[in-house]
Structures are given as C-alpha cells and as structure tokens.
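Participant: Questions regarding the structure given below will be posed in turn.
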Amino acid sequence: MTDIDWRTIEDWDRRYYLHNTASGRELNYAAVQRVDGNYIHLADGSKLLDFQSQLISDSLGHRHPAPHDAIKRAMERYGHVFFGLGTDLRARAAKLLVEDVLGGDSGWASRVRFLASGSEACENAIQVARLYTGRPLIMTQAHSYHGLTSGPTLLRGYRGNFSPSDSGRFEQTRDVPNIPAQGYIPIPPPEPQDFQAQGRLPSLVATEQLMLACGPENIAAVISEPMFGAAGLMPHPDYYPGLVALLRKHNILWIDDEVLCGMGRLGEWFGYQLSPDISPDIMVVGKGINGSSLPSGGFVVSHPIAEIFEDGRWWSGSTWDAHPLVCASIVGTIEYMLGADILDTVRQKGRYLRDHLQRLADIHPSIGRISGAGLYYVVDVVDGNREPVVPMDRYTGFQGDLSQHPNNIVAATCMEHGVFLGGFVPNSIKCGPPFTILESEIDLAMSALSAALKKVEATYH
Ligand SMILES: Cc1ncc(COP(=O)(O)O)c(C=O)c1O
C-alpha cells in the first residue's frame, strides 16, 4: 500500500468523482491512507484523532475487531443472499435488537427490517406510517435531518439543494425541482436544552395548533430526532414527553429517527430512553447499529403495526435488505456492546468530556451553550454580544464563502493540531468521539478546540 501514487490519486479524484457539499473548485482534498482505532492516517504521513466518529457514525472507532471479525467470518460462508431466503445472521441480528436490546414481547418493539442506509430506512418508515394509518401527512421539525433521498429530503432542514459558492457563477440556492412536495408539514424545532421553560413549551403549543389546522385524521406521523445530528440541537427535557402526549391525544404515530443517536451515543441504547415512559411506534436505526463498518439502516415497528403484516403482503424490498455481511456486522457490534457494558463507558467518558467543555466555557467567551448527553455534545459559538456569529445559524443556506464560519475555522485549526473536529451548521461544533476514546485523547481534542476558539475570538470578539 505504500507505493500508491497519491498525486495521481488526487488528480483522478478531482477529475472524476462527484464530490459532496464543496464545489469542485473549492474542494479541500485530504486523502486517507488508512484508518485504525481512533485515528485517521492521512496520505501525507500525518494522523488525525477522529473526534467526530466521522459523521457521528463510527461509534466503535475504526476497524473495531467486533464488527470487523464478524464480517470476516461471515465472508467465509456468505456473499449476497436476497431477502426471500433466510440466513442465521439476519435472524440473530433481528433477535439481538428486538429482544435483547429492546425487550421483545415485554417492550414496545416487535419486528425489524434491515436496509442499506438510514435514508432508505426513513423512506420505509414513512411508507409504513402512511400504510398503517391510511393517512397522507407527515409532520417534520425545522432543522431536522433524515437523509437525502426524495422522501427524507422533504423532511425539512437539509434538503439536497444546490448552494452557490463564492465563484459568482450562481446567485441563488436552487431546490431540487419537481419532487413531490405534498404531504410534509413542517413544525417548529424544539426549544434547546437550556431554554427557561415556564409552562408548556411554545414549540408544542404551535405544533398542536398545526395538528388541529391540518386535522389529526389526516396526519400519519411526526418524525423527529432525539438530539438533532446535522443541526446539533438537544431538545429541552420537557419536549419529548410533551410531544408524545400530544401524539397519543390525537392518535398520531411517532417515528423516532435514531440513525445518529441510536446504540448508545446519548448514554442510553436509544435517545428516546432519556425520557421516562415514552416509546416510539416506529424507530429508525442506522450508523451506530454496526459502528458504520458497512452501509446499514433499518426500522423497528411496534406490536400493533407489526400485526397488520401477519395478514397483509407488503410488496417492498431492496436487493440489499438484510445483506448477510451487514447482518454479521450488526451481530458483532451488538454482542460486543452488550458484553462490554458500553453504556457505562459512554456515560463515564461523556462526563469527562462534558466537565472539560465546562472548563473551556469558563475561559472562552465564544462558548454560548454546551448541550448534549452521553458522548455527543454540541458547542454553540457566539460573538462578543453573545449572539450567534452567523445570524442565520441553523437556518443557513450555505451560501458564499464558508471558510470564515466558526465551524470551519475550528475544523481547520483542529486539523493543524491533529484533531478531526468541526461542525455542519455555521456556529456549532460537534464533539462526538468514538466510544473507544481515551481520557488523554479527550484532553488532546480539548486543547485543539481551545486553540481554535481563540482564533474565533480573535476574529469575532
Ligand atoms: C438522524 C438521521 N437520519 C437519517 C440519516 C440518513 O442516513 P444515511 O446517511 O445512512 O442515509 C442521517 C444521516 O446522517 C441522520 O443523522
């Protein structure tokens, strides 16, 4: 592998690959030679501590032996097996998730289907909600993110649009034309974790008004994220109990999108478990279900929903449903997580990270808010008046020169310090290290973040 000609590789990549989010001209190319544990080894010989688990996805770090060895073992017996035939791995993965993690018959969860991505899983969850209820509308929160296929693209927030770079060639943001924009009703985002609540949250008051205006009998489901991934927003603790009470009152389903927060990220198996006594009707999983060792997604349905499939034939399925190697990686991951008491690890390391961030807040006036749980914390960066540095904040259209947005200043500076850490929306820094992170590595990331915040303060304070 050492004889790779990285100059040629960069040239091919720049010429032939259709890149994500950056325009071709502004692409900041960084080639990865290999990944290992908590580190990304770059082609130039340097290494980066991965403090974001890539896309808050690689929960066990890189090439963790649990999923990795399970995939290798499965490859001795399996390649692809289509969904019309069974494998031991599909059955094991389903049993582990539904029974061992979610409680089986004594819990809310009944059946799971495994798919190839979180986006596809959200598509399926929406379809099931509409099929089950016979209703057309899906409610979805501003700022939320559920993937970029046509259905999830319409679920607010980041919608697969095309934003102009500062080259001057395009002036306006362009939405994807002619995708079926009917059937999705935006509701307000939740108030943040530190909102000073007096009485019922305003977002829930507005949500109920919208429900009544649309007619609950027309609404199949509300889809939501426990903690917003792309937008980095942790809802106020009253939000989910209040939302679920509303849904039960109006007989509307709850699709809980746990693609990013699921499997331990927030210190519980799933984010909904942070609020006592609530449970979803449909839960979407992805990323963490196998530490992103292979492309994966899935959705779990409740007992009443599963019941209709006892007598009805659902004509759905993808070539890749429950791919044996993906199922092997899920089995390897869940068995390891159960055996290693991973939730305890996440909580302990999360406390260490949170304390460290609090200490940074004492010395950095640019820290406006720290929110999160488990091993996912978001730092909201503010200017000298304690206002968001980029006023559009989570409503950003990603236009023009993005390099001076705080998230990108932080990402560039942290990279100079050997740490992969930044954010997506302009004022938010997302700390989501792998569960395998060491305290000494948290220290390293925090000193890189401190150096980066000094730069932000030099520019905006
Ligand atoms: C909450 C949430 N839902 C859905 C998705 C889409 O998953 P995928 O990227 O696997 O299609 C993501 C991806 O980041 C996500 O964070």
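Participant: Measure off, as a whole percent, the carbon and sulfur share of the 1.4 Å-probe accessible area of the chain, all protein chains present.
Facilitator: Numbers: 10820 of 21060 Å².
Result for the chain: 51 percent of the exposed heavy-atom area is carbon or sulfur.
Participant: Find the all-direction average of the projected area of the Cα convex hull for region 66-339, expressing the result in square nanometres with one decimal place.
Facilitator: Details: hull surface 67.5 nm².
Over all viewing directions, region 66-339 projects a mean Cα-hull area of 16.9 nm².
Participant: OK, next. Give me the distance between the Cα centres of region 399-451 and region 1-46, rounded to whole Å.
Facilitator: Centre-to-centre (Cα) distance: 19 Å.
Participant: Right, another one. For residue 39, list long-range residues whose amide hydrogen, built 1.01 Å from N in the peptide plane, is under 5 Å from its own amide hydrogen.
Facilitator: When sequence neighbours closer than 5 places are left aside, the close amide H contacts are 50, 62.
Participant: Moving to a separate point now. Report the Cα centroid-to-centroid distance between region 346-375 and region 256-323 in angstrom, as an integer.
Facilitator: 29
Participant: With label points built 7 Å along Cα→Cβ from the Cα atoms of residue 416 and residue 92, find their separation and express it in nm.
Facilitator: 4.9
Participant: Give the accessible surface of the chain per residue, rounded to a whole number of Å², with probe radius 1.4 Å and ligands, DNA and RNA excluded.
Facilitator: 46
Participant: Another question, if that's okay. Under 24 Å from the Cα of residue 349, which lysines turn up, not counting those fewer than eight places away in the same chain?
Facilitator: Correct list for residue 349: 47, 287, 430.
Participant: Using θ = phi - 60° and the Karplus curve 6.51 cos²θ - 1.76 cosθ + 1.60, what whole-Hz ³J(HN,Hα) does each residue of region 246-263 get, with Gly and Pro shown as x?
Facilitator: 4, 5, 5, 4, 9, 6, 10, 6, 10, 9, 9, 8, 9, 4, 8, 8, x, 6
Participant: Could you go through region 45-55 in sequence order and give the Karplus-derived ³J(HN,Hα) for each residue, using 6.51 cos²θ - 1.76 cosθ + 1.60 with θ = phi - 60°, rounded to whole Hz, and x for Gly and Pro?
Facilitator: x, 7, 9, 10, 6, 7, 8, 10, 6, 6, 10
Participant: Under 1.5 on a/c is rounded, so check that first for region 313-394, then, if it is not, pick prolate when a/b is larger than b/c and oblate when it is not; a ≥ b ≥ c are the square roots of the alpha carbon gyration tensor eigenvalues.
Facilitator: Details: a/c = 4.99, a/b = 1.79, b/c = 2.79.
Because a/c hits 1.5 or more and a/b fails to exceed b/c, region 313-394 counts as oblate.
Participant: Now a separate question. Which shape class, rounded, prolate or oblate, goes with the chain when its Cα gyration tensor gives a ≥ b ≥ c as root eigenvalues, a/c under 1.5 marks rounded, and past that a/b bigger than b/c marks prolate?
Facilitator: Working: a/c = 1.43, a/b = 1.16, b/c = 1.24.
Rounded shape, in that the Cα axes give a/c under 1.5.
Participant: Which of rounded, prolate, oblate describes region 33-168, given a ≥ b ≥ c as roots of the alpha-carbon gyration tensor eigenvalues and a/c under 1.5 marking rounded, otherwise prolate only if a/b is larger than b/c? Before the final figure, lay out the partial values.
Facilitator: Values: a/c = 2.04, a/b = 1.05, b/c = 1.94.
Since a/c reaches 1.5 but b/c is at least a/b, the shape of region 33-168 is classed as oblate.
Participant: Return the sequence-ordered ³J(HN,Hα) values of region 411-416 in whole Hz as given by the Karplus equation 6.51 cos²θ - 1.76 cosθ + 1.60 applied to θ = phi - 60°, using x for Gly and Pro.
Facilitator: Calculated HN-Hα couplings, in order: 4, 5, 5, 4, 4, 4 Hz.
Participant: Additional query: Ordered by packing density, taken as the mean number of other Cβ atoms within 10 Å over each peptide's residues, highest first, how do 25-34, 399-408 rank? Write out the running numbers ahead of the final one.
Facilitator: Numbers: 25-34: 12.9, 399-408: 17.6.
Answer by packing, highest mean first, reads 399-408, 25-34.
Participant: Within the chain, what percent of beta bridges assigned by DSSP are antiparallel, to the nearest 5? Provide the component values of the computation, followed by the final result.
Facilitator: Values: 32 of 49 bridges.
Restricted to the chain, the bridges split so that about 65 percent are antiparallel.
Participant: While we're on this one: In deg cm²/dmol and to the nearest 500, what is the mean residue ellipticity at 222 nm of the chain if only DSSP H runs of at least 4 residues count, each as -39500 (n - 2.57), divided by the residue total?
Facilitator: On the way: 13 runs with 159 residues, N = 461.
It lands at -11000 deg cm²/dmol.
The values are calculated or read from the model by the stated rules, or taken from the named source; none is laboratory data. Quick caveat, the model's predicted, so the values are computed rather than measured. FYI the Cβ positions are ideal-geometry reconstructions off the backbone, even for glycines, and counts take in every protein chain you see. We work out accessible area using only protein heavy atoms, side chains counted, and drop any ligands, DNA or RNA first. Shrake-Rupley method; radii C 1.70, N 1.55, O 1.52, S 1.80 Å.
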